[in-house]
1. Test L79 against the stated conditions and say whether it is within 30 Å of K395 (Cα to Cα), modelled with pLDDT of 95 or more and under 25 Å from the mean Cα position of the chain (by Cα).
2. So which residues in the stretch 53-76 are under 23 Å from the mean Cα position of the chain (by Cα), among the hydroxyl-bearing types (S, T, Y) and within 21 Å of Q130 (Cα to Cα)?
3. Working carefully through the options D171, D258, find the one that is among the acidic types (D, E), outside any helix (DSSP H, G or I) and either touching a strand residue (DSSP E or B) at 6+ places or on another chain (Cβ under 9 Å) or buried (at least 16 other Cβ atoms within 10 Å of the Cβ) (or both).
4. Filter the stretch 478-528 down to the residues that are touching a Gly at 6+ places or on another chain (Cβ under 6 Å) and either closer than 27 Å to I385 by Cβ or surrounded by 19 or more Cβ atoms within 10 Å (Cβ to Cβ) (or both) and list them by number.
5. Tell me the helices (runs of 4 or more DSSP H) entirely within the stretch 449-551 that contain at least 2 residues that are within 29 Å of the chain's Cα centre (by Cα).
6. Out of all the residues in the stretch 22-41, which are surrounded by fewer than 17 Cβ atoms within 10 Å (Cβ to Cβ) and either in a loop (DSSP other than H, G, I, E, B) or in contact (Cβ under 8 Å) with a residue 40 or more places away in the chain (or both)?
7. State whether the residues of the stretch 143-151 include one that is within 21 Å of R62 (Cβ to Cβ) and of a type in the set (D, E).
8. How many residues does the stretch 285-324 hold that are buried (at least 16 other Cβ atoms within 10 Å of the Cβ) and part of a strand (DSSP E or B)?
Amino acid sequence: MTTQRASDVMIRALENEGVERIFGLPGEENLDFVDSLRTSSIELVLTRHEQAAAFMAATYGRLTGKPGVVLTTLGPGALNLATGAAYAHLGGMPLVMITGQKGIRTAEQARFQLVNTVATMEPLTKSSRQVTSAAMIPTMIREAFRVARAERPGPVHLELPEDIAAMPVEDYHLIPPHPAVEADASEGAIDAAAEVIRGAKRPLIMLGADAARSSASSALARFVSRVRIPYFTTQMGKGSVSGASDLFMGTAALTSRDYVHDAIEKADVIVTIGHDTTEKPPFTMDENGPTVVHVGYRAAVVEQVYFPQVETIGDLGPTLDRLAVELVGRVPNAGALLPMRDDILEKIEEGSEEDRFIPQRIVAEVRKVMPVDGIVALDNGMYKIWFARNYRTTKANTLLLDNALATMGAGLPSAMGAKITHPDRRVMAVVGDGGFMMNSQEMETAVRLGLDLVVLILEDSSYGMIRWKQAVDGMPDYGLTFGNPEFVAYAESYGASGHRLENVDEMHDVLESAFAAGGVHVVVVPVDYSENQRVLIDELGERAAAALDEQ
């Protein structure tokens, strides 16, 4: 075998793992790695900011179940990965982060740009290690990908110093990847869960973030259709079973008081499938609440608001198939809560035809132009609650939102990662003006890559969610408003197309024509958030007060 650099070996090891592309922004300390990448089968997706690259790579991991890969240089470049690492860590997205570092065998530049990145990344990742020997690269790459995919999936960090990357390697052996085999739930756990569910008077199923994995979709659909127990989803669990089912009760976009919580509060047994407490609570448990049966890939993390009494842990597919055998035809009260369904969904859909840019109408217009497999990627703001509440999904991972870290700035990069991963699908980013401007530089990346992408900007010239909370808490309006560029001109300066809407009736045709035309399109609408107060505060508050009066 001819002599190669350690960086060549790392690229061969990444190819061995099936890596198709690496997102990132190189620097001086990883030029050997980049040179090795130049002659490989792996595509380099050059971005304008490391944080955006991490969001893109994490989204690839979320959609495929295979680790996305992101590359940065040392110091400031590596530190820009911190938010992306936390995004993947809390969201359960497999990700491998490779950062550069100065040489470790000498210190010719002393401490210039030197940051202990390995230590920095330790609390934000499942594993953070420095490569100190070229001979260890095949082993470390194999382990990084294994750990990133293992339960619960998440980010892994490897630091490659520039002198190690340049070291000659005469002989090496790659380690063939092997599929991970999930453990099966025990018979005792299946029996215990089945006994509780069979005895329920008003059972209800909740589908969480881990239920949205593509590997669980078929088994989930079979389970729900066979046992005929109504279900609701968390924000990140949307689409794990089709929202068109006659058993769908809605999405818990809030923690309490919403219409779907009428059913949650009446349930005496709630079967949570794929729930993880990194997601903001869809409901809270207390000593007087229902019995909760936790069905998941891993054991529940006990929290003040979540302490399931029964747990069934194992690969979700086989677990649900086996549990269904014990339940089919043996849950006499399976549909006890179904009579509530029509009223819940009818109330949620109110406002979808109003002649204003209110969230309900915006959601309805987006839904009309997105096919079943079309992907909507949300940034974080008030609109996320409305999309979670009102946007009906029929396929998993077609509404990408972050209800774990809930970071701003992820919407546009996430949409780009989705489009790169699924170039045959329609993809739309829905962003607030605040979140969009946090990574708007990636418009250049989207145009350069020739992506067909629609970016819907909801403009209110403020950090709207925090401003709303400030008002709810009775505080003066202060510190949360800003000015914006002229977004149409801003889009055009990148080579994209820009559209500003003045009438909500234009929205469908403009969005449809943008998708038909191809390329990157920015569509700006003046969002009317008056419904936040009317519905989320006044209406739901009156319901809560009425419920207390009845007690």
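The values are calculated or read from the model by the stated rules, or taken from the named source; none is laboratory data. In this text the structure is predicted, and so the values were computed from the model without any measurement. As a convention, Cβ positions derive from the backbone with ideal geometry for all residues, glycine included, and neighbour counts pool all protein chains shown.
1. Values: within 30 Å of K395 (Cα to Cα): no; modelled with pLDDT of 95 or more: yes; under 25 Å from the mean Cα position of the chain (by Cα): yes.
The answer is no for L79.
2. T72
3. Working: D171 fails: either touching a strand residue (DSSP E or B) at 6+ places or on another chain (Cβ under 9 Å) or buried (at least 16 other Cβ atoms within 10 Å of the Cβ) (or both).
Only one candidate passes the filter, namely D258.
4. Kept after step one, since they are touching a Gly at 6+ places or on another chain (Cβ under 6 Å), are these residues of the stretch 478-528: 488, 491-492, 522.
Listed by number, the residues that qualify are A491, V522.
5. On the way: elements: 464-472, 487-493, 507-517, 540-550.
Once the helices (runs of 4 or more DSSP H) in the stretch 449-551 are filtered for at least 2 residues that are within 29 Å of the chain's Cα centre (by Cα), what remains is 464-472, 487-493, 507-517.
6. E28, L31, T39, S40, S41
7. Step one: filter the stretch 143-151 for residues within 21 Å of R62 (Cβ to Cβ), giving 144-151.
Those left that are additionally of a type in the set (D, E): 151.
Among the residues of the stretch 143-151, at least one is within 21 Å of R62 (Cβ to Cβ) and of a type in the set (D, E), which makes the answer yes.
8. Qualifying residue count for the region: 11.
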